[in-house]
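For reference, the structure is listed below as C-alpha coordinates.
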Amino acid sequence: MAYNNFTFSLDEIRDTAKHNRLLSLEIEPTLRCNYKCPYCYVGNNAVPDNELSFEELCDVIDQAHKLGARKIVILGGEPLIYPEIFTLIDFINSYEMNCELFSNGALLSADKAHKLFERKVNLVLKLNSFNPDVQANLTGDATALEKSLKAIENARQAGYPAPDARLAISTIISNSNINEMEQLWRYTRDNGFLPYFEMITPQGGANANNWLLPEPDKIKEVFELLSTVDREYGHHWTPRPPLVGDRCMRHLYSCLVTSTGKVFPCVGIDEAVGNVRETPLKNIIHDSEIIQDLRCYADKIKGPCRSCELHSECFGCRGAAYQLTGDWLASDPLCWKHDVSGSAIDFLPVDAGRFIPHQFPVRMIDTLDEIGEKSAVASIRVSPSIPFTGKNGQLADSVFMEMIAQTMAANDGFLRGAPCDGVIIGVNNYSVHAGAHVGDELKISIRKEVKFGNWGIVKGYVRKDDVLIAEGEIKVWKD
(Lines give C-alpha, C1' and ligand atoms only; values in the text may rest on other atoms or scores of the structure.)
Protein backbone atom coordinates (compact mmCIF):
# COMPACT_ATOMS: atom_id res chain seq x y z
CA MET A 1 0.00 0.00 0.00
CA ALA A 2 1.12 3.55 -0.66
CA TYR A 3 0.58 4.98 2.81
CA ASN A 4 -0.60 2.22 5.09
CA ASN A 5 0.70 4.07 8.14
CA PHE A 6 -2.53 6.09 7.91
CA THR A 7 -4.87 3.09 7.70
CA PHE A 8 -5.95 0.05 9.67
CA SER A 9 -5.89 -3.65 8.86
CA LEU A 10 -8.81 -5.27 7.06
CA ASP A 11 -9.51 -7.50 10.05
CA GLU A 12 -9.66 -4.50 12.40
CA ILE A 13 -11.96 -2.64 10.03
CA ARG A 14 -14.36 -5.54 9.53
CA ASP A 15 -14.55 -6.26 13.25
CA THR A 16 -15.23 -2.59 13.99
CA ALA A 17 -18.04 -2.46 11.42
CA LYS A 18 -19.56 -5.67 12.76
CA HIS A 19 -19.70 -4.38 16.33
CA ASN A 20 -20.77 -0.77 15.59
CA ARG A 21 -17.57 0.72 16.92
CA LEU A 22 -15.02 3.23 15.66
CA LEU A 23 -11.36 3.16 14.75
CA SER A 24 -11.22 6.86 13.97
CA LEU A 25 -13.37 9.97 14.08
CA GLU A 26 -13.17 13.03 11.83
CA ILE A 27 -14.01 16.40 13.37
CA GLU A 28 -14.30 20.00 12.18
CA PRO A 29 -13.38 22.35 15.03
CA THR A 30 -14.31 25.25 12.74
CA LEU A 31 -15.29 25.90 9.14
CA ARG A 32 -13.34 29.16 9.09
CA CYS A 33 -10.78 29.11 6.29
CA ASN A 34 -8.29 31.52 4.74
CA TYR A 35 -8.52 29.87 1.29
CA LYS A 36 -11.30 29.59 -1.27
CA CYS A 37 -10.55 26.29 -2.97
CA PRO A 38 -12.95 25.84 -5.91
CA TYR A 39 -13.36 22.12 -5.14
CA CYS A 40 -14.02 22.53 -1.40
CA TYR A 41 -16.68 20.13 -0.14
CA VAL A 42 -18.19 22.90 1.99
CA GLY A 43 -18.96 24.91 -1.13
CA ASN A 44 -18.44 28.40 0.30
CA ASN A 45 -16.72 30.22 3.13
CA ALA A 46 -19.86 30.72 5.18
CA VAL A 47 -19.22 29.98 8.85
CA PRO A 48 -22.17 28.99 11.06
CA ASP A 49 -22.64 30.97 14.26
CA ASN A 50 -23.37 27.91 16.39
CA GLU A 51 -20.16 25.92 16.11
CA LEU A 52 -19.34 23.37 18.80
CA SER A 53 -17.71 24.69 21.93
CA PHE A 54 -14.37 23.35 23.09
CA GLU A 55 -16.17 21.39 25.80
CA GLU A 56 -18.53 19.85 23.23
CA LEU A 57 -15.60 18.84 21.03
CA CYS A 58 -13.91 17.20 24.00
CA ASP A 59 -17.12 15.36 24.86
CA VAL A 60 -17.49 13.88 21.38
CA ILE A 61 -13.81 12.85 21.38
CA ASP A 62 -14.42 11.13 24.72
CA GLN A 63 -17.43 9.32 23.20
CA ALA A 64 -15.33 8.23 20.21
CA HIS A 65 -12.62 6.90 22.53
CA LYS A 66 -15.19 4.82 24.40
CA LEU A 67 -16.30 3.38 21.05
CA GLY A 68 -12.76 2.20 20.36
CA ALA A 69 -11.37 5.08 18.29
CA ARG A 70 -7.59 5.18 18.14
CA LYS A 71 -7.29 8.22 15.90
CA ILE A 72 -8.90 11.66 15.60
CA VAL A 73 -8.68 13.35 12.20
CA ILE A 74 -8.93 17.14 12.36
CA LEU A 75 -10.43 18.76 9.28
CA GLY A 76 -11.89 22.17 8.50
CA GLY A 77 -12.09 24.87 7.40
CA GLU A 78 -8.48 25.44 8.31
CA PRO A 79 -7.69 23.83 11.68
CA LEU A 80 -4.81 26.20 12.42
CA ILE A 81 -7.31 29.08 12.55
CA TYR A 82 -9.03 27.42 15.52
CA PRO A 83 -7.73 29.32 18.58
CA GLU A 84 -7.58 26.29 20.88
CA ILE A 85 -6.12 23.85 18.38
CA PHE A 86 -3.11 22.87 20.50
CA THR A 87 -5.20 22.50 23.65
CA LEU A 88 -7.53 20.26 21.65
CA ILE A 89 -4.60 18.17 20.43
CA ASP A 90 -3.34 17.87 23.99
CA PHE A 91 -6.75 16.56 25.01
CA ILE A 92 -6.63 13.97 22.22
CA ASN A 93 -3.14 12.93 23.27
CA SER A 94 -4.30 12.53 26.88
CA TYR A 95 -6.34 9.55 25.63
CA GLU A 96 -3.25 8.15 23.87
CA MET A 97 -5.05 8.45 20.55
CA ASN A 98 -3.23 9.43 17.37
CA CYS A 99 -3.99 12.83 15.92
CA GLU A 100 -4.02 13.57 12.19
CA LEU A 101 -4.39 17.15 10.99
CA PHE A 102 -5.19 18.38 7.45
CA SER A 103 -3.94 21.90 6.77
CA ASN A 104 -3.43 24.11 3.72
CA GLY A 105 -0.16 25.15 5.37
CA ALA A 106 -0.58 28.90 4.93
CA LEU A 107 -0.52 29.47 8.71
CA LEU A 108 2.09 26.84 9.56
CA SER A 109 4.85 28.93 11.10
CA ALA A 110 8.05 27.38 12.36
CA ASP A 111 6.73 27.62 15.91
CA LYS A 112 3.43 25.91 15.08
CA ALA A 113 5.24 23.18 13.12
CA HIS A 114 7.42 22.53 16.18
CA LYS A 115 4.39 22.36 18.46
CA LEU A 116 2.69 19.87 16.17
CA PHE A 117 5.82 17.74 15.89
CA GLU A 118 6.43 17.59 19.63
CA ARG A 119 2.82 16.45 20.03
CA LYS A 120 3.44 13.70 17.42
CA VAL A 121 0.68 14.92 15.11
CA ASN A 122 0.51 13.27 11.71
CA LEU A 123 0.43 16.28 9.42
CA VAL A 124 -1.18 16.44 5.96
CA LEU A 125 -0.25 19.53 3.94
CA LYS A 126 -1.83 20.74 0.70
CA LEU A 127 0.28 20.91 -2.47
CA ASN A 128 -1.66 20.72 -5.72
CA SER A 129 0.88 22.11 -8.16
CA PHE A 130 4.40 23.44 -8.62
CA ASN A 131 2.98 26.00 -11.03
CA PRO A 132 2.22 29.21 -9.06
CA ASP A 133 -0.76 30.07 -11.25
CA VAL A 134 -2.31 26.62 -10.92
CA GLN A 135 -1.75 26.50 -7.16
CA ALA A 136 -3.29 29.96 -6.91
CA ASN A 137 -6.28 28.92 -9.01
CA LEU A 138 -6.89 25.87 -6.83
CA THR A 139 -6.72 27.81 -3.55
CA GLY A 140 -7.90 31.33 -4.33
CA ASP A 141 -4.61 32.73 -2.99
CA ALA A 142 -2.02 34.22 -5.34
CA THR A 143 0.86 33.31 -3.01
CA ALA A 144 -0.35 29.79 -2.16
CA LEU A 145 2.61 27.94 -3.71
CA GLU A 146 5.12 29.99 -1.77
CA LYS A 147 3.14 29.35 1.43
CA SER A 148 2.86 25.61 0.77
CA LEU A 149 6.57 25.19 0.14
CA LYS A 150 7.37 27.28 3.22
CA ALA A 151 5.02 25.13 5.31
CA ILE A 152 6.72 21.96 4.11
CA GLU A 153 10.12 23.45 4.93
CA ASN A 154 8.94 24.53 8.38
CA ALA A 155 7.66 21.01 8.99
CA ARG A 156 10.99 19.53 7.92
CA GLN A 157 12.92 21.88 10.17
CA ALA A 158 10.69 20.85 13.07
CA GLY A 159 11.60 17.18 12.54
CA TYR A 160 9.05 15.88 10.05
CA PRO A 161 8.84 13.21 8.77
CA ALA A 162 9.52 10.85 11.67
CA PRO A 163 8.27 7.35 12.55
CA ASP A 164 5.83 8.77 15.10
CA ALA A 165 5.06 12.05 13.28
CA ARG A 166 4.29 11.45 9.62
CA LEU A 167 4.10 14.11 6.95
CA ALA A 168 1.79 13.58 3.99
CA ILE A 169 1.18 15.69 0.91
CA SER A 170 -2.47 16.21 0.00
CA THR A 171 -3.09 16.57 -3.73
CA ILE A 172 -6.37 16.58 -5.65
CA ILE A 173 -6.48 15.32 -9.23
CA SER A 174 -8.06 17.97 -11.45
CA ASN A 175 -7.93 19.09 -15.04
CA SER A 176 -5.69 21.95 -13.89
CA ASN A 177 -2.88 19.80 -12.49
CA ILE A 178 -3.38 16.36 -14.03
CA ASN A 179 -0.18 16.63 -16.08
CA GLU A 180 1.88 17.21 -12.92
CA MET A 181 0.88 14.05 -11.07
CA GLU A 182 4.09 12.12 -11.70
CA GLN A 183 6.27 15.08 -10.74
CA LEU A 184 4.31 15.66 -7.53
CA TRP A 185 4.34 11.95 -6.68
CA ARG A 186 8.10 11.65 -7.17
CA TYR A 187 8.67 14.77 -5.09
CA THR A 188 6.63 13.25 -2.29
CA ARG A 189 8.38 9.88 -2.38
CA ASP A 190 11.88 11.34 -2.85
CA ASN A 191 11.50 13.42 0.30
CA GLY A 192 10.14 10.61 2.46
CA PHE A 193 6.64 12.08 2.65
CA LEU A 194 3.45 10.08 2.30
CA PRO A 195 1.28 10.76 -0.76
CA TYR A 196 -2.39 11.52 -0.16
CA PHE A 197 -3.54 11.94 -3.76
CA GLU A 198 -7.27 11.72 -4.37
CA MET A 199 -10.05 12.28 -6.86
CA ILE A 200 -12.34 15.25 -6.32
CA THR A 201 -15.72 14.32 -4.86
CA PRO A 202 -18.41 16.02 -7.00
CA GLN A 203 -20.00 18.05 -4.22
CA GLY A 204 -19.95 21.56 -2.82
CA GLY A 205 -17.67 23.82 -4.81
CA ALA A 206 -16.83 21.12 -7.34
CA ASN A 207 -20.45 21.09 -8.53
CA ALA A 208 -20.20 24.78 -9.35
CA ASN A 209 -16.79 24.30 -10.96
CA ASN A 210 -17.17 21.09 -12.94
CA TRP A 211 -14.37 22.21 -15.24
CA LEU A 212 -12.14 20.80 -12.52
CA LEU A 213 -13.31 17.20 -12.97
CA PRO A 214 -11.34 14.97 -15.36
CA GLU A 215 -13.09 12.23 -17.30
CA PRO A 216 -12.79 8.73 -15.76
CA ASP A 217 -10.47 7.51 -18.54
CA LYS A 218 -8.03 10.35 -17.76
CA ILE A 219 -8.13 9.49 -14.07
CA LYS A 220 -7.51 5.85 -14.93
CA GLU A 221 -4.37 6.86 -16.86
CA VAL A 222 -3.09 8.79 -13.84
CA PHE A 223 -3.72 5.94 -11.41
CA GLU A 224 -2.04 3.41 -13.69
CA LEU A 225 0.91 5.73 -14.33
CA LEU A 226 1.48 6.31 -10.62
CA SER A 227 1.13 2.59 -9.93
CA THR A 228 3.96 1.95 -12.39
CA VAL A 229 6.06 4.79 -10.96
CA ASP A 230 5.54 3.62 -7.38
CA ARG A 231 6.98 0.19 -8.13
CA GLU A 232 10.33 1.98 -8.48
CA TYR A 233 9.92 2.93 -4.80
CA GLY A 234 8.99 -0.61 -3.75
CA HIS A 235 5.26 -0.05 -3.46
CA HIS A 236 2.87 -2.38 -5.27
CA TRP A 237 -0.86 -1.67 -5.38
CA THR A 238 -3.90 -2.09 -7.57
CA PRO A 239 -5.30 1.14 -9.07
CA ARG A 240 -8.79 1.88 -7.81
CA PRO A 241 -10.71 5.06 -6.98
CA PRO A 242 -10.78 7.39 -5.14
CA LEU A 243 -7.34 7.32 -3.39
CA VAL A 244 -4.15 6.74 -5.31
CA GLY A 245 -2.42 3.70 -3.86
CA ASP A 246 -5.02 2.93 -1.24
CA ARG A 247 -8.73 2.23 -0.76
CA CYS A 248 -11.23 4.39 1.08
CA MET A 249 -12.97 2.39 3.79
CA ARG A 250 -13.79 5.17 6.25
CA HIS A 251 -17.51 4.46 6.04
CA LEU A 252 -16.81 1.12 7.77
CA TYR A 253 -14.97 2.48 10.80
CA SER A 254 -15.33 6.26 10.99
CA CYS A 255 -17.73 9.16 10.54
CA LEU A 256 -17.59 12.95 10.47
CA VAL A 257 -18.79 15.31 13.18
CA THR A 258 -19.27 18.74 11.64
CA SER A 259 -18.54 22.03 13.36
CA THR A 260 -22.22 22.27 14.37
CA GLY A 261 -22.46 18.72 15.71
CA LYS A 262 -24.11 17.03 12.73
CA VAL A 263 -22.92 13.52 12.02
CA PHE A 264 -22.23 12.52 8.40
CA PRO A 265 -21.37 8.92 7.43
CA CYS A 266 -18.33 10.38 5.66
CA VAL A 267 -17.29 13.73 4.19
CA GLY A 268 -18.73 12.78 0.80
CA ILE A 269 -22.12 11.64 2.13
CA ASP A 270 -23.28 14.97 3.51
CA GLU A 271 -26.60 13.66 4.80
CA ALA A 272 -26.97 14.26 8.52
CA VAL A 273 -27.81 11.05 10.38
CA GLY A 274 -27.96 12.74 13.78
CA ASN A 275 -26.46 15.50 15.91
CA VAL A 276 -24.19 14.92 18.91
CA ARG A 277 -25.86 17.84 20.68
CA GLU A 278 -29.07 15.80 20.76
CA THR A 279 -28.06 12.13 20.68
CA PRO A 280 -25.01 10.17 21.90
CA LEU A 281 -22.61 9.19 19.12
CA LYS A 282 -23.02 5.50 19.97
CA ASN A 283 -26.78 5.69 19.40
CA ILE A 284 -26.39 7.63 16.16
CA ILE A 285 -24.07 5.00 14.70
CA HIS A 286 -26.28 2.13 15.86
CA ASP A 287 -29.56 3.67 14.68
CA SER A 288 -28.50 5.27 11.39
CA GLU A 289 -29.95 3.52 8.36
CA ILE A 290 -27.21 4.88 6.10
CA ILE A 291 -24.31 3.93 8.38
CA GLN A 292 -25.70 0.44 8.90
CA ASP A 293 -26.21 -0.02 5.16
CA LEU A 294 -22.63 1.06 4.50
CA ARG A 295 -21.26 -1.25 7.16
CA CYS A 296 -23.05 -4.13 5.39
CA TYR A 297 -21.73 -2.87 2.05
CA ALA A 298 -20.64 -6.24 0.64
CA ASP A 299 -24.16 -7.63 1.07
CA LYS A 300 -26.04 -4.56 -0.17
CA ILE A 301 -23.98 -2.88 -2.90
CA LYS A 302 -25.78 -2.60 -6.23
CA GLY A 303 -24.78 -2.44 -9.89
CA PRO A 304 -21.50 -3.51 -11.51
CA CYS A 305 -19.50 -3.08 -8.29
CA ARG A 306 -21.29 -6.15 -6.95
CA SER A 307 -19.72 -8.42 -9.57
CA CYS A 308 -16.30 -6.74 -9.67
CA GLU A 309 -13.32 -8.92 -8.79
CA LEU A 310 -12.29 -6.28 -6.21
CA HIS A 311 -15.73 -6.34 -4.59
CA SER A 312 -14.57 -7.63 -1.21
CA GLU A 313 -11.92 -4.98 -0.65
CA CYS A 314 -12.76 -1.99 -2.85
CA PHE A 315 -15.59 0.44 -2.30
CA GLY A 316 -14.95 3.10 -4.92
CA CYS A 317 -15.97 6.44 -3.46
CA ARG A 318 -19.20 6.22 -1.49
CA GLY A 319 -19.35 10.01 -1.58
CA ALA A 320 -19.13 10.13 -5.39
CA ALA A 321 -21.78 7.43 -5.65
CA TYR A 322 -24.12 9.36 -3.37
CA GLN A 323 -23.50 12.77 -4.93
CA LEU A 324 -23.99 11.57 -8.50
CA THR A 325 -26.79 9.03 -8.08
CA GLY A 326 -28.49 9.98 -4.81
CA ASP A 327 -27.80 6.45 -3.54
CA TRP A 328 -25.05 5.59 -1.05
CA LEU A 329 -25.17 1.94 -2.15
CA ALA A 330 -24.80 2.60 -5.88
CA SER A 331 -21.71 1.62 -7.80
CA ASP A 332 -19.23 4.46 -8.11
CA PRO A 333 -20.03 6.17 -11.46
CA LEU A 334 -16.49 7.57 -11.65
CA CYS A 335 -14.83 4.16 -11.52
CA TRP A 336 -13.26 3.27 -14.84
CA LYS A 337 -13.72 -0.45 -14.30
CA HIS A 338 -17.30 -0.41 -15.55
CA ASP A 339 -19.32 1.33 -18.24
CA VAL A 340 -21.85 3.76 -16.80
CA SER A 341 -23.32 4.81 -20.15
CA GLY A 342 -26.00 2.12 -20.02
CA SER A 343 -28.55 1.25 -17.34
CA ALA A 344 -26.27 -0.64 -14.96
CA ILE A 345 -26.40 2.15 -12.36
CA ASP A 346 -29.60 3.85 -11.23
CA PHE A 347 -29.54 7.64 -10.97
CA LEU A 348 -32.35 9.19 -8.95
CA PRO A 349 -35.06 10.03 -9.85
CA VAL A 350 -36.10 6.58 -11.11
CA ASP A 351 -39.30 4.93 -12.27
CA ALA A 352 -40.95 3.84 -9.03
CA GLY A 353 -42.74 1.00 -10.79
CA ARG A 354 -39.53 -1.03 -10.77
CA PHE A 355 -39.44 -1.08 -6.99
CA ILE A 356 -43.05 -1.50 -5.86
CA PRO A 357 -45.47 -4.40 -6.42
CA HIS A 358 -48.30 -2.02 -7.39
CA GLN A 359 -49.26 -1.72 -11.05
CA PHE A 360 -51.57 0.68 -12.88
CA PRO A 361 -54.23 1.73 -12.20
CA VAL A 362 -53.63 1.29 -8.44
CA ARG A 363 -50.06 2.56 -8.64
CA MET A 364 -50.08 5.97 -6.95
CA ILE A 365 -46.54 7.30 -7.55
CA ASP A 366 -44.58 7.83 -10.75
CA THR A 367 -40.99 8.37 -9.63
CA LEU A 368 -38.82 7.93 -6.58
CA ASP A 369 -36.90 11.22 -6.47
CA GLU A 370 -34.76 11.17 -3.32
CA ILE A 371 -33.70 8.90 -0.50
CA GLY A 372 -32.08 9.98 2.72
CA GLU A 373 -31.57 9.00 6.34
CA LYS A 374 -34.84 7.14 7.03
CA SER A 375 -36.59 9.34 4.46
CA ALA A 376 -37.68 9.47 0.84
CA VAL A 377 -39.46 11.71 -1.65
CA ALA A 378 -41.65 10.57 -4.57
CA SER A 379 -43.72 12.33 -7.24
CA ILE A 380 -46.86 11.78 -9.25
CA ARG A 381 -48.83 13.63 -11.91
CA VAL A 382 -52.40 12.63 -11.16
CA SER A 383 -53.72 10.63 -14.09
CA PRO A 384 -57.37 10.36 -15.14
CA SER A 385 -56.86 6.57 -15.17
CA ILE A 386 -56.65 6.52 -11.36
CA PRO A 387 -59.93 4.94 -10.26
CA PHE A 388 -60.24 6.92 -7.03
CA THR A 389 -61.49 10.17 -8.52
CA GLY A 390 -64.91 11.81 -8.53
CA LYS A 391 -66.77 13.25 -11.47
CA ASN A 392 -65.00 16.58 -11.04
CA GLY A 393 -61.59 14.83 -11.20
CA GLN A 394 -60.87 15.29 -7.50
CA LEU A 395 -59.00 12.54 -5.73
CA ALA A 396 -60.66 10.72 -2.85
CA ASP A 397 -59.19 11.69 0.54
CA SER A 398 -58.14 8.10 1.23
CA VAL A 399 -55.73 8.07 -1.74
CA PHE A 400 -53.12 10.20 0.01
CA MET A 401 -52.41 7.52 2.61
CA GLU A 402 -51.82 5.03 -0.20
CA MET A 403 -49.36 7.46 -1.81
CA ILE A 404 -47.45 7.63 1.46
CA ALA A 405 -47.42 3.83 1.75
CA GLN A 406 -46.22 3.38 -1.83
CA THR A 407 -43.45 5.93 -1.30
CA MET A 408 -42.33 3.87 1.67
CA ALA A 409 -42.48 0.71 -0.45
CA ALA A 410 -40.49 2.35 -3.26
CA ASN A 411 -37.82 3.48 -0.80
CA ASP A 412 -37.41 -0.01 0.64
CA GLY A 413 -37.51 -1.64 -2.78
CA PHE A 414 -34.89 0.73 -4.13
CA LEU A 415 -32.52 0.09 -1.23
CA ARG A 416 -33.06 -3.66 -1.55
CA GLY A 417 -32.83 -3.60 -5.34
CA ALA A 418 -36.17 -5.34 -5.86
CA PRO A 419 -39.82 -4.86 -4.87
CA CYS A 420 -40.81 -6.09 -1.41
CA ASP A 421 -44.27 -6.92 -0.11
CA GLY A 422 -45.91 -4.92 2.66
CA VAL A 423 -49.26 -3.88 4.03
CA ILE A 424 -50.79 -0.94 5.95
CA ILE A 425 -51.79 -2.15 9.42
CA GLY A 426 -53.13 1.12 10.79
CA VAL A 427 -53.51 4.87 10.24
CA ASN A 428 -53.14 7.62 12.82
CA ASN A 429 -53.34 11.42 12.93
CA TYR A 430 -54.54 11.56 9.34
CA SER A 431 -55.56 15.02 8.11
CA VAL A 432 -56.54 16.26 4.66
CA HIS A 433 -56.11 20.02 4.27
CA ALA A 434 -56.94 20.52 0.59
CA GLY A 435 -57.98 18.60 -2.49
CA ALA A 436 -56.02 17.37 -5.49
CA HIS A 437 -57.29 16.89 -9.02
CA VAL A 438 -56.39 15.15 -12.25
CA GLY A 439 -53.38 16.86 -13.78
CA ASP A 440 -51.92 18.05 -10.48
CA GLU A 441 -48.27 17.32 -9.72
CA LEU A 442 -47.81 16.09 -6.16
CA LYS A 443 -44.75 15.48 -3.98
CA ILE A 444 -44.88 12.82 -1.30
CA SER A 445 -42.27 12.82 1.48
CA ILE A 446 -41.93 10.20 4.18
CA ARG A 447 -39.98 9.81 7.37
CA LYS A 448 -39.48 6.49 9.18
CA GLU A 449 -40.27 7.24 12.81
CA VAL A 450 -40.13 3.83 14.51
CA LYS A 451 -38.89 0.40 13.47
CA PHE A 452 -39.27 -2.88 15.36
CA GLY A 453 -38.62 -6.06 13.41
CA ASN A 454 -40.76 -6.12 10.28
CA TRP A 455 -43.05 -3.46 11.73
CA GLY A 456 -42.68 0.27 11.52
CA ILE A 457 -44.37 3.65 11.81
CA VAL A 458 -43.98 6.09 8.93
CA LYS A 459 -44.98 9.74 8.88
CA GLY A 460 -45.88 11.14 5.48
CA TYR A 461 -46.79 14.40 3.80
CA VAL A 462 -48.38 15.14 0.44
CA ARG A 463 -47.78 18.57 -1.09
CA LYS A 464 -48.76 20.47 -4.21
CA ASP A 465 -46.53 23.43 -5.09
CA ASP A 466 -45.13 23.31 -1.52
CA VAL A 467 -48.65 23.58 -0.08
CA LEU A 468 -49.46 20.80 2.38
CA ILE A 469 -52.47 18.80 1.16
CA ALA A 470 -52.45 15.80 3.50
CA GLU A 471 -50.43 14.28 6.31
CA GLY A 472 -50.59 11.31 8.59
CA GLU A 473 -48.89 8.28 10.14
CA ILE A 474 -49.17 4.72 8.95
CA LYS A 475 -48.20 1.52 10.70
CA VAL A 476 -46.75 -0.87 8.15
CA TRP A 477 -45.55 -4.42 7.94
CA LYS A 478 -43.07 -5.46 5.27
CA ASP A 479 -41.64 -8.78 4.22
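Given the criterion in contact (Cβ under 8 Å) with a residue 40 or more places away in the chain, open to solvent by 10 Å² or more (accessible area, probe 1.4 Å) and either touching a strand residue (DSSP E or B) at 6+ places or on another chain (Cβ under 7 Å) or on the phi > 0 side of the Ramachandran plot (or both), identify the matching residue among GLY472, GLY422, GLY453.
Working: GLY472 fails: open to solvent by 10 Å² or more (accessible area, probe 1.4 Å); GLY453 fails: in contact (Cβ under 8 Å) with a residue 40 or more places away in the chain.
None of the other options fit; the residue is GLY422.
Scanning segment 150-182 for residues that are in a helix (DSSP H, G or I), more than 21 Å from LEU123 (Cα to Cα) and of a type outside the set (A, V, I, L, M) yields ASN179, GLU180, GLU182.
Under 19 Å from TRP336 (Cα atoms), open to solvent by less than 40 Å² (accessible area, probe 1.4 Å) and touching a residue at least 60 places away in the same chain (Cβ under 8 Å), is that true of ILE172? Considered against the rule, which asks whether it is under 19 Å from TRP336 (Cα atoms), open to solvent by less than 40 Å² (accessible area, probe 1.4 Å) and touching a residue at least 60 places away in the same chain (Cβ under 8 Å), ILE172 comes out as yes. Checking the structure you have, find out if any residue of segment 123-132 is open to solvent by less than 60 Å² (accessible area, probe 1.4 Å) and in a helix (DSSP H, G or I). Checked against the condition, which is being open to solvent by less than 60 Å² (accessible area, probe 1.4 Å) and in a helix (DSSP H, G or I), segment 123-132 yields no hits at all. Of everything in segment 195-211 that is crowded, with 21+ Cβ neighbours inside 10 Å and not in a loop (DSSP other than H, G, I, E, B), the residue that is modelled with the lowest pLDDT is ALA206.
Looking only at helices (runs of 4 or more DSSP H) that fall completely inside segment 245-336, which ones have 3 or more residues that are within 21 Å of LEU23 (Cα to Cα)?
Details: elements: 250-253, 281-287, 289-295, 297-300, 318-325.
Passing ranges, in order: 250-253, 281-287, 289-295.
With respect to TYR35, determine if the residue is surrounded by 21 or more Cβ atoms within 10 Å (Cβ to Cβ), hydroxyl-bearing (Ser, Thr, Tyr) and not in a helix (DSSP H, G or I).
Details: surrounded by 21 or more Cβ atoms within 10 Å (Cβ to Cβ): no; hydroxyl-bearing (Ser, Thr, Tyr): yes; not in a helix (DSSP H, G or I): yes.
It is false that TYR35 is surrounded by 21 or more Cβ atoms within 10 Å (Cβ to Cβ), hydroxyl-bearing (Ser, Thr, Tyr) and not in a helix (DSSP H, G or I).
When residues in segment 288-311 are screened for being open to solvent by 30 Å² or more (accessible area, probe 1.4 Å) and touching a helix residue (DSSP H, G or I) at 6+ places or on another chain (Cβ under 6 Å), 1 of them pass.
Quick check on this structure: which one of ALA470, ALA418 is out of contact with any Leu (no Cβ under 7 Å at 6 or more places or on another chain), among the aliphatic types (A, V, I, L, M) and at pLDDT below 90? Before the answer, list the steps.
On the way: ALA470 fails: at pLDDT below 90.
Exactly one of ALA470, ALA418 is out of contact with any Leu (no Cβ under 7 Å at 6 or more places or on another chain), among the aliphatic types (A, V, I, L, M) and at pLDDT below 90, namely ALA418.
The values are calculated or read from the model by the stated rules, or taken from the named source; none is laboratory data. The structure displayed is predicted, hence computed values, not measured ones. Don't worry about glycine lacking a Cβ; one is built from the backbone with ideal geometry, like all the others, and counts go over all protein chains shown. In case anyone asks, the SASA skips ligands and DNA or RNA and just uses the protein heavy atoms, side chains included. Shrake-Rupley method; radii C 1.70, N 1.55, O 1.52, S 1.80 Å.
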